[in-house]
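Heads up, the thing below is written out as structure tokens.
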Amino acid sequence: MDKSHEYFLRAKNVTPGGVHSPVRSFKGLHTTPRFIQEGRGAYIKDVDQQQYIDFCMSFGPLIFGHQDADVKQAIIEALDRGWSYGATEPYSLELAEFMVKNIPFIEQVRFMNSGTEAVMTAVRLARGYTGKNKIIKFSGCYHGHLDSMLIKAGSGLAGTAEASSKGVTPKLAQDTLVVELGDIKELKKCLKAHQGEIAAIFVEPLPANNGLLIQTEEYLKTLRDLAHENQALLVFDEVISGFRVAFGGMAEKTGIIPDLVTYGKIIGGGMPVGAVAGKKKVMEMLAPIGPVYQAGTLSGNPAAMKAGLASLKKLTPQFYIDLENQTKEVCKIFHEWMIAHHFSDYQIIQFSSLFWFVPSHQKIKTLTDIPHNLNERFFELFKELLNKGIYLAPNAYEVSFMSSAHQGQVLEDLKNKLWK
Ligand SMILES: *Cc1c(COP(=O)(O)O)cnc(C)c1O
């Protein structure tokens, strides 16, 4: 029995399913999750000393790879002074100023500890600001594990919804309406049926949590216009896309400006950080100025703020051009291998430094476009790659993440691992 196997048995005794976030359990992949002991650059190593090229990258935060020297230095310097005060400190100030200066459409930012917290705050803030109760989300978008977002489409009228998790009350589910991604007609119907009730429309402007469901700019523009016609806020959940597709995320890339934006993942450089940002008049609804309460014992944690700032400072326009080129190269390497082997039914959908393997040659824009054999096919692909020393996020619906460390020798190594 290898060590990962042994650790997993032990973990299952003391933790539900052996994991602290469900996707890590390798459920449905007919193999044991690897216990990762260390990471360096584009590589991770497990407790059995197996090395893998990592395309999960902690699900996105590590845009420079593991142990980036600048980020590491920033964390060490921060730790040298202490690591939590529960008081005002200069570290979050520096990061907030850097963001406000470099993202033209945000005037204020509030830091918290995760993407989920950021979305949770945005929901409350949108309600507090508009004085309305209901929010709209789209099937195919993920917004973290807050109750209000663990809601899926129901079978009734446009927008009717039900909880997608036990423990979410039907009463709460009534305040979240779920509409099919890309379907403007259904959205209009929903807005009409709930006129005067909608506080906000939440969308992942680049839906990247149920595969990669790239939407058109036209669609995002229509969302903005419909939100505003209905005196609702448009909220871009850029927890994945923020600082990944461009410094200012999809909002910068498309020029479509949301009323509120949520960040996470890259903003903490691999440390736990989430943020809500927007115009002052909305943000100042938050306590202590406004009546919308939000707080956090560890919010603005100095080491996390320093890691975030060190990361954000490295994200130049040229960085994104280079990273996208590396991504295209990686996709080409995978694709050539796949068509020559038994994965020729696959395409790789790529956007910026994200890509997704899907066993179909059709256009995939909504959940309903995703082929039914996705999971079955993925487990074969995943297992074969894992055996070759290539680590994908362990779920068919998760995208792959590139880092700047995936270049040069790493790409040669990828070719060798695939073809050997
Ligand atoms: C990851 C993610 C979240 C949740 O962030 P956590 O830090 O895992 O709580 C929310 N929204 C989107 C779009 C995400 O990708």
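The values are calculated or read from the model by the stated rules, or taken from the named source; none is laboratory data. Note that the coordinates shown come from a computational prediction; the quantities given were computed from them, not determined experimentally. Note that each Cβ is placed from the backbone with ideal geometry, even for glycine, and that neighbours are counted across all protein chains shown. Note: accessible area is taken over every heavy atom of the protein model, side chains too, but ligands, DNA and RNA are not part of it. Shrake-Rupley method; radii C 1.70, N 1.55, O 1.52, S 1.80 Å.
Going by what's in this entry, would Asn301 be described as open to solvent by 40 Å² or more (accessible area, probe 1.4 Å) and of a type in the set (S, T, N, Q)? No. Just a yes or no: is a residue in segment 128-151 more than 25 Å from Gly248 (Cα to Cα), touching a Lys or Arg at 6+ places or on another chain (Cβ under 9 Å) and crowded, with 24+ Cβ neighbours inside 10 Å? Yes, there is a match, as at least one residue in segment 128-151 is more than 25 Å from Gly248 (Cα to Cα), touching a Lys or Arg at 6+ places or on another chain (Cβ under 9 Å) and crowded, with 24+ Cβ neighbours inside 10 Å.
For segment 169-210, a residue qualifies if it is over 16 Å from Val119 (Cβ atoms), assigned to a loop (DSSP other than H, G, I, E, B) and more than 14 Å from the ligand (Cβ to nearest atom), and the qualifying residues are Thr169, Gln174, Gly182, Asp183, His194, Gln195, Gly196, Glu197. Put simply, of Ala275, Ala295, Ala310 the only residue that is away from the ligand (no atom under 16 Å from the Cβ), modelled with pLDDT of 95 or more, small (Gly, Ala, Ser) and open to solvent by less than 40 Å² (accessible area, probe 1.4 Å) is Ala310. With respect to the conditions (1) open to solvent by less than 10 Å² (accessible area, probe 1.4 Å); (2) away from the ligand (no atom under 16 Å from the Cβ); (3) not in a helix (DSSP H, G or I), Gly290 falls short on a single one, namely (1). Within segment 174-210, if we keep just the residues that are closer than 16 Å to Leu260 by Cα and of a type in the set (Val, Ile, Thr), the residue that is surrounded by the fewest Cβ atoms within 10 Å (Cβ to Cβ) turns out to be Ile198. Note on segment 255-283: residues that are aliphatic (A, V, I, L, M), closer than 19 Å to Ala74 by Cβ and not in a loop (DSSP other than H, G, I, E, B) amount to 4. Within segment 25-48, the set of residues being aromatic (Phe, Trp, Tyr) and not in a strand (DSSP E or B) comprises Phe26, Phe35.
Counting the residues of segment 81-140 that are on the phi > 0 side of the Ramachandran plot and within 16 Å of the ligand (Cβ to nearest atom) gives 1. Considering Glu204, Glu238, Glu252, Glu217, the condition of being of a type in the set (Asp, Glu) and farther than 25 Å from Asp369 by Cβ is satisfied by Glu252 alone. Do any residues in segment 18-29 that are under 20 Å from Thr116 (Cβ atoms) and within 16 Å of the ligand (Cβ to nearest atom) have Cβ atoms under 7 Å from those of residues that are of a type outside the set (Phe, Trp, Tyr) and in a helix (DSSP H, G or I), where the two are at least six apart or on different chains, and which pairs are they? What qualifies is Val19/Ser25; Ser25/Gly17; Ser25/Gly18. Gly269 meets all of the listed conditions (1) within 24 Å of Gln67 (Cβ to Cβ); (2) touching a strand residue (DSSP E or B) at 6+ places or on another chain (Cβ under 7 Å); (3) small (Gly, Ala, Ser); (4) more than 11 Å from the ligand (Cβ to nearest atom) but one, namely (2). Within segment 181-201, does at least one residue satisfy the condition of being touching a His at 6+ places or on another chain (Cβ under 7 Å) and closer than 30 Å to Leu62 by Cβ? Scanning segment 181-201, I find no residue that is touching a His at 6+ places or on another chain (Cβ under 7 Å) and closer than 30 Å to Leu62 by Cβ, so the answer is no. Residues that are within 16 Å of the ligand (Cβ to nearest atom) and open to solvent by 10 Å² or more (accessible area, probe 1.4 Å) were ranked within segment 211-227; the one that is farthest from Lys185 (Cα to Cα) is Ile214. Mind listing whichever residues of segment 51-69 are open to solvent by 50 Å² or more (accessible area, probe 1.4 Å) and in contact with a strand residue (DSSP E or B) (Cβ under 9 Å, 6 or more places away or on another chain)? Those that are open to solvent by 50 Å² or more (accessible area, probe 1.4 Å) and in contact with a strand residue (DSSP E or B) (Cβ under 9 Å, 6 or more places away or on another chain): Gln51, Ser58, Gln67. Among residues of segment 169-186 that are at pLDDT 95 or above and of a type outside the set (A, V, I, L, M), those with a beta-carbon under 6 Å from a residue that is open to solvent by less than 50 Å² (accessible area, probe 1.4 Å) and assigned to a loop (DSSP other than H, G, I, E, B) at least six positions away or on a different chain give the pairs Gly182/Thr366; Glu186/Ala158.
Among the residues here, Phe247 qualifies as among the hydrophobic types (A, V, I, L, M, F, W, C) and more than 16 Å from the ligand (Cβ to nearest atom).
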